[in-house]
Amino acid sequence: MSAVFDFKPDPNAASPLYMQLAQSLAQAIRDGIFHTDEALPSERVLAEQLELSRVTARKAIDRLVEQGLIIRKRGSGNYIAPKLEQPLTRLTSFSEELHQRGFVPSSRWLLRGFTPAAPDEQLSLELKSGERVARLERLRLADAVVMAYEVSVLPQSVLPDPQKVEASLYTHLGERAPVRALQHIRALNADAKLAGLLEVPLGAAVLFITRVGYLASGQAVELTHSYCRSDYYDFVAEMRRD
């Protein structure tokens, strides 16, 4: 246990002891006392060092697992889950952002192929009625943890062979990758399908992001819908007053 972490139960608090411990550990994680991929002490060690029962330690860790702050790795232990702080002023791909922050990005592909463009996709990408689009549907992972469910739609002329896309869409596109984008973010609650994909409880808060990417010429070449786990994502915007 880190010497910096100090837990002092409040005997007058209305919340049970395990909740107090969970809240204290969660704050320590947010404060950077524990770092991504760092192993926490076992429930037994945690209980001994803090002079608590193992039941209290177990219930506190269960709570943090539910919140997405801790990952249980069978046969290995409990680890701090990755957290992605993404600036809103820079256009980067998921893979690029993770590489820059020391995570290992990967994708679990659900669909790579062609479908007719839906009405909203025709409008966003300025396509003709009935025109086909390349559709990429996948789960985005950081260090093997599901971070987001993503659906990207591109004109067939921009992405003629979606099966060739591997890790990074923008790397694959090269000179055809967007140079600017408009992005809208709102919150929603996960339905049964989304909860299953993101491995979160039904009704959990999710960040829903819609992005339209443009070439320097102004042509829209990418429409992406991302459903991001709010317990793993922080979006940061720097603002200045003139």
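The values are calculated or read from the model by the stated rules, or taken from the named source; none is laboratory data. Here the structure is a predicted model, which is why all the values come from computation and not from measurement. Note that we place each Cβ from the backbone using ideal geometry, even for glycine, and neighbour counts take in every protein chain shown. Note: areas computed on protein heavy atoms with side chains; ligands, DNA, RNA excluded. Shrake-Rupley method; radii C 1.70, N 1.55, O 1.52, S 1.80 Å.
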Selection status of Arg44, among the basic types (Lys, Arg), in a strand (DSSP E or B) and either at pLDDT 75 or above or under 17 Å from Pro9 (Cβ atoms) (or both): no
Residue satisfying all of: in region 37-61; without any contact (Cβ under 8 Å) to a residue 40 or more places away in the chain and in contact with a strand residue (DSSP E or B) (Cβ under 9 Å, 6 or more places away or on another chain); surrounded by the most Cβ atoms within 10 Å (Cβ to Cβ) among these: Ile61
Condition broken by Ala13, with the remaining ones in (1) under 18 Å from Asn78 (Cβ atoms); (2) outside any helix (DSSP H, G or I); (3) open to solvent by less than 40 Å² (accessible area, probe 1.4 Å) satisfied: (1)
Entirely in region 99-198, the helices (runs of 4 or more DSSP H) that have 1 or more residues that are open to solvent by 40 Å² or more (accessible area, probe 1.4 Å), touching a Leu at 6+ places or on another chain (Cβ under 7 Å) and at pLDDT 90 or above: 192-198
Those residues of region 47-76 which are among the polar types (S, T, N, Q) and at pLDDT below 80, in sequence order: Gln67, Ser76
Residue within region 203-218 that is open to solvent by 40 Å² or more (accessible area, probe 1.4 Å), outside any strand (DSSP E or B), within 24 Å of Leu125 (Cβ to Cβ) and of a type outside the set (Ser, Thr, Tyr) present: yes
Counted residues, region 16-31 - those being open to solvent by 30 Å² or more (accessible area, probe 1.4 Å) and under 13 Å from Ile80 (Cα atoms): 3
Single condition Phe34 does not satisfy, out of (1) open to solvent by 50 Å² or more (accessible area, probe 1.4 Å); (2) under 20 Å from the mean Cα position of the chain (by Cα); (3) aromatic (Phe, Trp, Tyr): (1)
Any pair with Cβ under 6 angstrom, 6 or more apart, that starts in region 143-162 at a residue that is at positive phi and of a type in the set (D, E, K, R) and ends at one that is open to solvent by less than 10 Å² (accessible area, probe 1.4 Å) and modelled with pLDDT under 95: Asp143/Pro82
